[in-house]
Structures are given as C-alpha cells and as structure tokens.
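A short write-up of the structure that comes next.
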Amino acid sequence: MHYELVNNVHINTDFWQQEKAVLQADKLNLLSVGSAPNFAGIMQHEGIQKSMNLFDHITKRTYHPGQYLYFNQAPVPTGTNIMVNADGYITLEYYGEPIGEMKLYPETNRAVKEIDYLNPDGSVDFAEEYSTDGFQFTKLLYDEGKPQEFQFLNLAGQPVIRYYYFDNVINYITIENPETQEILQHYDNLSEFVARQVAEVLTPFDEVTVCYMGGEMTALRYTKSHNILRLSEPPFDDQDEVRGNLLGILNDDIKYIQEVQMDRNAYNSLALRNINLDKAKIIE
C-alpha cells in the first residue's frame, strides 16, 4: 500500500488542501500518527476514504457515522446542572458551585468535545475528551493543574495507552491489555513509541511519503517500507546551509529514507553545491 504519513491534520491550511488533492488524485492512504479525538470526523468531513490513525489502530477504536454526544446527555455526576451562558460558554454546577466546564465541537449541534473538572482554585483536576461520534477518547489526570497521566481508551472505556508525566514532560508510555491491565509494551518517550508502533503497522511491501523532516520523518526510522521524502521546505536553512536532515539523507547517513522528491529549482541549487543527488528525483 502507498501511505502519506502526517502527524495531525489541520484542515484550515494551504498544506492540507495540497495534501488532500494528492490523496484524492492518487487514491493514497493517509496515516496520521498524532492522537486526535476528531480524526474520523475530519476524514468524513473532508471526504478522505482511506485513512488510519495510529492511536485508533492501537486501541482498536472504530467510528460510528452520524452519532455524537449531545451536550445535555453528557455523563456528568448526578445532580450536576449543565449551564449554557449567553456567550455560549458552558459550565457545570453542583449545588450552585462551579465544578467544571464543557467544550463543544465547532459547527455541530452542540456535540461534546471535552469536559474539564476543576479544583476549587480553578486548576484542572481531570478532563475527559470525546471523539466526534460521542465515545470517550481519553481521561486526563492532573495534579495542581500539571499533567500526571493521560489514558487513551477503547470503545468500552478501558485504558489501552497511558502517558506518564514528570515535570510536564512525558517520561514513560505503556500499552496494556485492557481486560487484565497487563503491560504489553513500554517506552521512555513519545518519539520511540510512535516509531516502534509505526514499524508494526508498515510492511516491506508498503511505500510511504512524508513531506517534512521532523517527527513525521523520524517516525519511519525502524520501518522496512520504501520511504520517500517529498521536499516541502527550502533545501537551505536560515544560514544558507543545506538542512541537516536533508544532507544526511542525500549522503545516505539516514538510510531509512530511500528517495527525495524535489522540484527542479531545488535540485539545481543542490547540484551547484556538488551535493550527492543519487537519492534525489525531480518532480514537476
């Protein structure tokens, strides 16, 4: 299969409109490696037929078109009043005291996106994110407003992936059996987690294209697929030097990218500097 790999999808950008046109014209599969409770809803809205989100894949989450969680049906504590203010801001009150706030998906019929439960000082105690089809996507635990543990849930509401934080930084990630809570895999950071899981998804028969030399590219470092960088950035940095990762690919120091696609201007400018272009291919 041929995939286009991205971190997240941001539809209100010129890049996404270009990416969307490529996906639809070439009938490619979109592989998103960032967590996104609204991923399936975006794909439906944008008319993308072939797509996979890494977190949905791991948690075995499926999407139910047409469903959503209406704001006054949210599973809040018994006795909680859901108050819609004149400005559209929604608060949760328990016996007259504010205990949280609710956020909705834009341009929907008040579909719940997130519920934040607050401490008396206004800091977040814990939060619940909901997918666009109304199922709880995550539970986010805080201590004095600082993240402690993020749980990514399956459709039954059971944790499958857990992030653990120290000083606001993810320092441990686990994948567990949702029934027994046995830890099946563990990682020390998000980059390693994504790269190892992407390597489990892709096969030597797959072809994968990325457009940027950051997290999307390094997500491929353990794969056996044929990996292509479609250069979407100028080949030179602000100091007019060849970008480090690009030079590493072209010199074959970064071996997991086998091909770099670029326009003729980029190719010629690199050729003038005697850069090795064996892995380069001109695309119009």
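Read the figures in this text as sums done on the coordinates, not as results from a lab. Small disclaimer: the values here were computed from a predicted structure and weren't measured. Cβ placement follows ideal geometry from the backbone for every residue including glycine, while neighbour counts extend to all protein chains displayed.
Beyond 34 Å, how much of the Cα-Cα pair distribution for the chain remains, as a whole percent? Can you show the working numbers first?
Numbers: 12495 of 40186 pairs.
Across the chain, Cα pairs with separations above 34 Å total 31 percent.
Going from the fewest other Cβ atoms within 10 Å to the most, the residues T223, T91, T203 appear in the order T203, T91, T223. Fewest neighbouring Cβ atoms within 10 Å first, the residues R221, R196, R273 line up as R273, R196, R221.
Legend: distances between Cα atoms for K20/K255; K60/K146; K255/K279; K255/K281; K224/K279; pairs beyond 19 Å are K20/K255; K60/K146.
Exposure proxy ranking for M1, M217, based on other Cβ atoms within 10 angstrom of each Cβ and starting from the fewest, stands as M1, M217. Straight-line cross-link reach from K27 at under 19 Å between alpha-carbon atoms covers these lysines, not counting any fewer than eight positions away in the same chain: K50.
Between E179 and E107, the distance separating the two model label sites (each 7 Å from Cα on the Cα→Cβ line) works out to 4.1 nm. Temperature 25 °C, viscosity 0.890 mPa s: under these conditions the Stokes-Einstein estimate for region 71-188, based on its Kirkwood radius over C-alpha pairs, is 159 µm² per second. Of all aspartates and glutamates in the structure, those lying under 20 Å Cα to Cα from K103, and not within fewer than 8 positions of it along the same chain, are D87, E93, E114, D116, D121, D125, E128, E129, D133. Here the sum of -39500 (n - 2.57) over DSSP H runs of 4 or more residues, divided by the residues of the chain, equals -5500 deg cm²/dmol at 222 nm, to the nearest 500. In a reduced charge model with +1 at each Lys and Arg Cβ and -1 at each Asp and Glu Cβ, region 168-284 shows a dipole moment near 400 debye about its Cα centre.
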